[in-house]
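J.: Could you have a look at this structure, given as structure tokens, before my questions?
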Amino acid sequence: GYSHMSIFYKEDAMQHVQNRSTTSALVLTAVLIALATLFTMYTKIPVPGIRGYFNVGDVVIMTSALLLGRKYGAYIGAIGPALADLFLGYAVFVPITFVVKGIEGYLVGTVYNHKTTTSALVATIVGGIIIVAGYFIAEYFVFDPGVAIAGIVTNTIQAVMSVIISMILYAILRKRLG
């Protein structure tokens with residue numbers, strides 16, 4: 001009797017810890033999705049000659065993927081900026097952004113090996129390449145080659161800025177988070 005009850009309570013306690021960590025992860029992911037949406041929306045700079053806009057929402061995607069891993073990087077990358085496109089009236093970009101930024105977050109989290117700053121730099125550069133290549137391919141087929149080519153410069157600047165800012169944030173947060 002009694003030993004069975006103590007096992008039951010241990011399992012119950014473990015389930016509570018599991019639920020709490022799942023809830024915490026869900027809340028953190030939701031907050032970071034909102035942050036990615038806001039960073040994308042409120043750093044928006046429309047660029048003449050292209051159909052999209054410059055922003056630094058990728059900083060949230062890259063930093064989240066480095067600190068939380070590929071699964072969370074993919075969720076945050078896919079959902080946050082796609083919501084921003086929807087809210088800002090760039091509906092044609094929603095599916096493109098969902099796929100490109102989701103892949104960006106997934107690959108940044110996959111390439112990073114959780115040990116070195118060099119690994120984080122390589123991972124964010126891979127993410128930057130995904131931004132430029134992904135939007136080029138999508139814009140080439142959705143719009144036309146001219147729009148795709150015009151977007152290369154803006155997307156490259158956005159990618160480079162995002163890599164630099166993400167690396168600074170990563171260095172600060174990695175020390176703080178241990």
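The values are calculated or read from the model by the stated rules, or taken from the named source; none is laboratory data. Just so it is clear, the structure is predicted and the values come from calculations on it, not from any experiment. Note that each Cβ is placed from the backbone with ideal geometry, even for glycine, and that neighbours are counted across all protein chains shown. Heavy atoms of the whole protein, side chains included, go into the accessibility calculation; ligands, DNA and RNA do not. Shrake-Rupley method; radii C 1.70, N 1.55, O 1.52, S 1.80 Å.
J.: Can you say whether Ile149 is without any contact (Cβ under 8 Å) to a residue 24 or more places away in the chain and open to solvent by 60 Å² or more (accessible area, probe 1.4 Å), as far as the supplied structure shows?
T.: When the stated conditions are applied, Ile149 passes them.
Let's see how each residue does on (1) within 14 Å of Val56 (Cα to Cα); (2) at pLDDT 95 or above:
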residue: Ile79; (1), (2): no, yes
residue: Asp85; (1), (2): yes, yes
residue: Ala148; (1), (2): no, no
residue: Ile165; (1), (2): yes, yes
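J.: If you scan the stretch 111-137, which residues turn out to be open to solvent by 70 Å² or more (accessible area, probe 1.4 Å) and touching a residue at least 12 places away in the same chain (Cβ under 8 Å)?
T.: Listed by number, the residues that qualify are Thr117, Leu121, Ile125, Ile129.
J.: Checking Ala74 against (1) modelled with pLDDT under 95; (2) open to solvent by less than 50 Å² (accessible area, probe 1.4 Å); (3) closer than 17 Å to Glu104 by Cβ, which single condition isn't satisfied?
T.: Of the numbered conditions (1) modelled with pLDDT under 95; (2) open to solvent by less than 50 Å² (accessible area, probe 1.4 Å); (3) closer than 17 Å to Glu104 by Cβ, the odd one out for Ala74 is (1).
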